[in-house]
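Only one structure is covered here, and it is reproduced in the block below.
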Amino acid sequence: MMKHLVLILVLFVALAGCKKKPSNKNLSEMKNTEMNFAENMQAENIYQFTVTDLAGSEFKFSDLKGKKIMIVNTASECGNTPQYKDLQSIYEKYKNDNFVIVGFPANNFGAQEPGSDTEIAEFCKLNYGVTFPMMSKISVKGDDMNEVYKFLTEKDKNGYADSEVTWNFQKYLIDKNGEVVKVIAPKVLPTDHTVINWIEGQ
């Protein structure tokens, strides 16, 4: 009996010795893997993007944290171009209430934004007195789609919905957390009650 107990004890000690504790290096690698996985699981938001404005200056969306944002693709020779007036109107009314509009000129529809950044800036100021941030001309669809619009239109990136920019002056509404919450069709005016209620928090 005693011999059996001794044998069992020896086997137990031997097996216990076979279990190697993970090294500090392995523990570190495991921790980094867990952290990277957690980061990848977090939804993207608009704050990750830095773009260029019409004047050629850097524009960081991270500077808009805490604000509601309307992103709109614009054009100077479109039937919807008079919406610039309404955009400027609501910007002036709500800009001190943590609301901002960011315009992205694009020539994707009917070649209705053919001008250079300088020409676009002059047009906006002269015809509509635009003072909200206007970015350098980009593409909002197709193979050369800007990264901001990939985020806006792909559910895998924005966590909200897949969408497609269908024409000039489509609006994307971004909440105070930098997340897409609504897509407004091009023909819907910026002063529509749907937009105003969202800005006012109703």
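The values are calculated or read from the model by the stated rules, or taken from the named source; none is laboratory data. Keep in mind that this is a model prediction, so the values were computed, not measured. Cβ sites come from the backbone with ideal geometry, for glycine too, and all protein chains shown count toward neighbours.
Among the conditions (1) surrounded by 17 or more Cβ atoms within 10 Å (Cβ to Cβ); (2) in contact (Cβ under 8 Å) with a residue 12 or more places away in the chain, the only one that residue 187 does not satisfy is (1). Taking the criterion of being touching a residue at least 12 places away in the same chain (Cβ under 8 Å) and in a loop (DSSP other than H, G, I, E, B), the residues of the stretch 88-110 that qualify are 95, 97, 98, 107, 108, 109, 110.
Could you grab me the full set of residues in the stretch 66-81 that are within 16 Å of the chain's Cα centre (by Cα) and surrounded by 14 or more Cβ atoms within 10 Å (Cβ to Cβ)?
Kept after step one, since they are within 16 Å of the chain's Cα centre (by Cα), are these residues of the stretch 66-81: 66-73.
Across the stretch 66-81, the qualifying residues are 67, 68, 69, 70, 71, 72, 73.
Listed by first and then second residue, the pairs with beta-carbon distance under 6 Å, at least 6 apart or on different chains, first residue in the stretch 147-162 and part of a loop (DSSP other than H, G, I, E, B), second crowded, with 17+ Cβ neighbours inside 10 Å, are 160/180. Here the condition is being surrounded by fewer than 20 Cβ atoms within 10 Å (Cβ to Cβ) and more than 18 Å from residue 175 (Cα to Cα); of 91, 84, 128, it holds for 128 alone. Would you confirm, using the coordinates I've provided, whether residue 58 is crowded, with 18+ Cβ neighbours inside 10 Å, among the acidic types (Asp, Glu), in contact with a Ser or Thr (Cβ under 9 Å, 6 or more places away or on another chain) and at pLDDT 95 or above? Against the criterion (crowded, with 18+ Cβ neighbours inside 10 Å, among the acidic types (Asp, Glu), in contact with a Ser or Thr (Cβ under 9 Å, 6 or more places away or on another chain) and at pLDDT 95 or above), residue 58 does not qualify.
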